[in-house]
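Trainee: Encoded as structure tokens, here's the structure I'll be asking about.
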Amino acid sequence: MNFALFKSTVKSNWILFVIFLAVLFMYMSIIISMYDPENIEAMALYLETLPQGMVDAFGYNATATDLVSFIGLYFYGFIVLLFPLIFCIVLTNRLVAALVDRGSMAYLLATPNTRIKIITTQAIFVIIAVSLLLFLNTLAGIAMCEGLFPGELDIPVYLKLNFATLMLTTAISSISFFFSCIFNESKYALAFGAGLPILFFVINMVRNIGSNSEWLKYLTIYTLYDPQQILSGEQSVLMISLVFGVITLVLYTGGIVIFSRRNLYL
């Protein structure tokens, strides 16, 4: 790892990080403030006024029984999947494919650093940025819940859900990073590095709409992540985290190896 490059990358991307963090904070605070322990069915009654297909697509078709399931349903079922997904796509493209496409990578490779050191630094930055984004979001969620509804949040279960979310998001980032390392042009890196995760996301939404689309579960990585089953203990966080961890390790390692060996048109 090159600390000078890491420091420069932080300076170049902290605004992007703050924007996505602010968006997540905003949605988190809105949803937590909507929780009403005296009338928890109010949100469900409101959703009944919306088109059923839209409710199903967003994964809002379950029933919340307490604060943690309320947050899991309305924040972790859709919002926390969408915005970190966009963050991963934008960040990985900026750190690898865009640099190659613009020719800026030539200046980095002209320094007395190996390709592996440079690309590994970029990979570490992506993983740390994604982890910090979700870590701060987790802390904010706990702080908001304890401030508005003291003692109502099942913190151990909430932490399990957030850990599974982190593992899923790092796996998504590894997909975008891998394709950024393969292509010399940013448009092709985005076509696959953004297209595949977005396709997984859309397939998951379509799968939620009806039982006839159940077979789609075999075509998306999001099938392994079900917030309601994680909260109820029906889905093993350890098992899905292991799967996401293997995907992350293989794709980040593959991306680094490919980048260090391929021809770059700089």
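Trainee: List the equivalent ellipsoid semi-axes of the chain in whole Å, largest first, each obtained as the square root of 5λ for an eigenvalue λ of the Cα gyration tensor. Let's see the in-between values first.
Mentor: Numbers: eigenvalues 260, 82, 47 Å².
Over the Cα atoms of the chain, the semi-axes work out to 36, 20, 15 Å.
Trainee: In addition: Compare the peptides 25-38, 75-88, 168-181, 225-238 by average per-residue count of other Cβ atoms within 10 angstrom and give them in order, highest first.
Mentor: Ranked by mean Cβ neighbours within 10 Å, highest first: 168-181, 75-88, 225-238, 25-38.
Trainee: Here's a follow-up. Is the shape of region 105-243 best called rounded, prolate or oblate, per the rule: a/c under 1.5 gives rounded, else a/b larger than b/c gives prolate, else oblate, with a ≥ b ≥ c the square roots of the Cα gyration tensor eigenvalues?
Mentor: On the way: a/c = 2.71, a/b = 1.40, b/c = 1.93.
It comes out oblate by the Cα gyration axes.
Trainee: For Asn39 and Val246, what is the calculated FRET efficiency with R₀ set at 45 Å and r taken between the beta-carbons, to the nearest 0.05?
Mentor: On the way: r = 43 Å, r/R0 = 0.97.
In this case the efficiency is close to 0.55.
Trainee: Using heavy-atom solvent-accessible surface (probe 1.4 Å) with all chains present, what is the largest-first order of Ile240, Ile198?
Mentor: So, going from the largest accessible area down, we get Ile198, Ile240.
Trainee: At 1.4 Å probe size, with every protein chain present, just tell me what the per residue accessible area of the chain comes to in Å². Walk me through the intermediate numbers first.
Mentor: Values: 12650 Å² over 266 residues.
With the other protein chains kept in place, the chain gives 48 Å² per residue.
Trainee: Among the lysines, which fall within straight-line cross-link reach of Lys160, defined as a Cα-Cα distance under 24 Å, with same-chain neighbours fewer than 8 residues apart omitted?
Mentor: Cα-Cα hits under 24 Å: Lys217.
Trainee: Quick check: residue separation of Arg102 and Val257 times 0.36 nm, minus the Cα distance between them. What number comes out in nm?
Mentor: Gain on extension, Arg102 to Val257, equals 53.6 nm.
Trainee: Give the carbon-plus-sulfur fraction of the accessible surface of region 141-211 in %, rounded to a whole number; probe 1.4 Å, heavy atoms of protein chains only. Intermediate values should be presented prior to the final figure.
Mentor: Values: 2140 of 2930 Å².
Heavy-atom surface of region 141-211 belonging to carbon and sulfur, 1.4 Å probe: 73 percent.
Trainee: Let me ask another. Could you calculate the contour length gain from Met54 to Lys117, that is, 0.36 nm times the residue separation minus the distance between their Cα atoms, to one decimal place in nm? Don't skip to the end; give the middle numbers.
Mentor: Working: separation 63, 0.36 × 63 = 22.68 nm, distance 4.57 nm.
Net length gain for the segment: 18.1 nm.
Trainee: Does region 67-184 classify as rounded, prolate or oblate by the C-alpha gyration tensor (a ≥ b ≥ c root eigenvalues; a/c under 1.5 gives rounded; else a/b over b/c gives prolate, otherwise oblate)? It would help to have the intermediate numbers written out before the result.
Mentor: Values: a/c = 3.50, a/b = 2.73, b/c = 1.28.
Prolate, since a/c reaches 1.5 and a/b exceeds b/c.
Trainee: Right, here's the next one. Using only Cα atoms, find the angle between the long axis of helix 237-261 and the longest principal axis of the chain, and express it within 0 to 90 degrees, rounded to the nearest 10.
Mentor: 20
Trainee: Grab the DSSP H runs of the chain that are 4 residues or longer, score each as -39,500 (n - 2.57), total them, divide by all residues and round the 222 nm result to the nearest 500 deg cm²/dmol.
Mentor: Numbers: 13 runs with 192 residues, N = 266.
Here the helix-only value at 222 nm equals -23500 deg cm²/dmol.
The values are calculated or read from the model by the stated rules, or taken from the named source; none is laboratory data. Computed from a predicted model, the values in this text were never measured in an experiment. Note: ideal-geometry Cβ built from the backbone for every residue, glycine included; neighbour counts use all protein chains shown. All accessible areas refer to the heavy atoms of the entire protein, side chains included, with ligands and DNA or RNA removed. Shrake-Rupley method; radii C 1.70, N 1.55, O 1.52, S 1.80 Å.
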